[in-house]
Amino acid sequence: MKKRLLFLLAAMLLCRGLGYGQKLTEKHIREVMQQAYNQFKNSSGGANASYIPYLANIDPELYGIAICTSDGKVLELGDTKYEFGIESISKVFVLALAMQQRGAKAVEDSIGVNATGMPFNSVMAVELNPQRAVNPLVNAGAMATNSFIRAPGSAAKWALIDDMMAKFASRRLSVIQQLYASETATNLHNRAIAWLLYSYGRFYDDISESVDLYTRACSYGSSTRDLAIMAGTLANSGVNPVTKEKVIDAVLCPRILATMITEGLYDDTGAWVYHTGVPAKSGVGGGIIAVVPGKMAIAVFAPPLDKSGNSIKAQKTLQYIIDELKLNLLLPHG
Ligand code: GLU
């Protein structure tokens with residue numbers, strides 16, 4: 001009788017470690033990361049972003065996977081220490097700063113939170129939507145969000161952005177100067193979008209300064225490990241799981257994640273959510289973050305992109321891990 005009870009208890013504990021809605025074990029997560037790495041390490045396809053010359057020259061073979069659990073463990077595989085252009089993933093954290101400072105409602109009213117369904121730098125998205133900037137995670141909305149942050153001048157605003165990034169990452173990030181110069185020399189389209197928003201009364205600060213701050217934030221160097229911790233803070237209700245410091249109010253996290261669900265992978269976001277059920281954000285530097293609230297965040301880096309500007313290998317890796325660990329948020333909770 002005693003033996004049977006013990007057996008039952010052991011079986012229950014084993015199932016607890018693996019079942020959906022239960023605590024995942026570190027061993028299982030590591031195994032799945034390794035399987036994904038082995039499966040996709042040598043997969044090819046796509047090309048580095050070429051419209052920003054610096055990005056075109058990054059080694060396309062680089063590949064890193066990092067997971068940050070909500071209790072602060074960081075699991076890493078591959079080139080996770082390599083620092084690459086954060087690009088559009090910075091938009092998530094600048095949005096966090098704007099929401100923390102101005103409130104989620106003000107961002108919704110002044111920028112917009114709807115999906116555009118269009119490419120990341122679309123002018124049509126501005127023209128066709130009465131809200132103009134539409135979403136803080138596309139270029140138009142991100143530049144408007146930048147202009148929406150209040151500070152007594154450009155240097156003071158940069159200090160706010162820099163501090164916020166550092167709190168999310170648990171270390172101070174540096175701008176890759178070569179990337180910043182490369183983007184500044186080629187960002188005419190973004191400048192035109194900013195002027196267009198200004199013409200509609202949807203830009204809230206000096207245009208060239210705001211575009212410059214936006215460009216500089218896109219030029220931060222971040223490692224896959226950094227991104228996992230930054231996204232892990234969103235998975236952990238705004239508290240950095242490594243430093244345990246409160247970075248933003250918990251109430252803002254679902255709002256930020258909602259913008260990732262509607263616009264995180266640009267015009268491919270619908271298909272992404274259809275297949276994974278997890279909010280994510282990509283950058284043309286080759287990184288993607290995915291956030292599973294209350295559980296973990298996953299960051300993957302691999303430079304070659306698809307036509308929408310999303311890393312092909314990172315998407316495959318994330319999808320594999322999300323499937324294997326049953327992280328799809330649209331699955332029944334239990
Ligand atoms: N800095 C890039 C741009 O403004 C970011 C684009 C992206 O990562 O999607 O075009």
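The values are calculated or read from the model by the stated rules, or taken from the named source; none is laboratory data. Because the structure is a prediction, the values reported are computed rather than measured. No Cβ is skipped: glycine too gets one built from the backbone with ideal geometry, and neighbour counts run over all protein chains shown. For the accessible areas, the whole protein counts, side chains as well, though only heavy atoms, and no ligand, DNA or RNA atoms are used. Shrake-Rupley method; radii C 1.70, N 1.55, O 1.52, S 1.80 Å.
Summary table below
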read-out: Checking residue 144 against (1) touching a residue at least 12 places away in the same chain (Cβ under 8 Å); (2) in a helix (DSSP H, G or I); (3) open to solvent by 60 Å² or more (accessible area, probe 1.4 Å); (4) not aromatic (Phe, Trp, Tyr), the condition it does not meet; value: (3)
read-out: The range 113-127, subset surrounded by 24 or more Cβ atoms within 10 Å (Cβ to Cβ) and not aliphatic (A, V, I, L, M), residue farthest from the ligand (Cβ to nearest atom); value: 116
read-out: Some residue of the range 18-31 being within 16 Å of the ligand (Cβ to nearest atom) and crowded, with 19+ Cβ neighbours inside 10 Å; value: no
read-out: Unmet criterion (only one of (1) on the phi > 0 side of the Ramachandran plot; (2) away from the ligand (no atom under 16 Å from the Cβ)) for residue 130; value: (1)
read-out: Failed item in (1) closer than 18 Å to residue 222 by Cβ; (2) open to solvent by 40 Å² or more (accessible area, probe 1.4 Å); (3) among the small types (Gly, Ala, Ser), with residue 66 passing the rest; value: (2)
read-out: Cβ-Cβ under 7 Å pairs, at least 6 apart or on other chains, the range 76-95 side under 17 Å from residue 66 (Cβ atoms) and more than 12 Å from the ligand (Cβ to nearest atom), far side part of a helix (DSSP H, G or I) and open to solvent by 10 Å² or more (accessible area, probe 1.4 Å); value: 76/225; 77/34; 77/37; 78/37; 80/225; 81/225; 93/164
read-out: Residue check, residue 215 open to solvent by less than 40 Å² (accessible area, probe 1.4 Å), more than 13 Å from the ligand (Cβ to nearest atom) and β-branched (Val, Ile, Thr); value: no
read-out: Number of positions in the range 163-203 that are surrounded by fewer than 19 Cβ atoms within 10 Å (Cβ to Cβ), more than 16 Å from the ligand (Cβ to nearest atom) and in a loop (DSSP other than H, G, I, E, B); value: 4
read-out: Which listed residue is surrounded by fewer than 17 Cβ atoms within 10 Å (Cβ to Cβ) and farther than 22 Å from residue 149 by Cα, from 78, 85, 72; value: 72
read-out: The range 222-239 - residue that is crowded, with 22+ Cβ neighbours inside 10 Å and within 15 Å of residue 294 (Cβ to Cβ) and, of those, farthest from the chain's Cα centre (by Cα); value: 236
read-out: Spans of helices (runs of 4 or more DSSP H) in the range 51-131 with at least 3 residues under 20 Å from residue 165 (Cβ atoms); value: 90-102
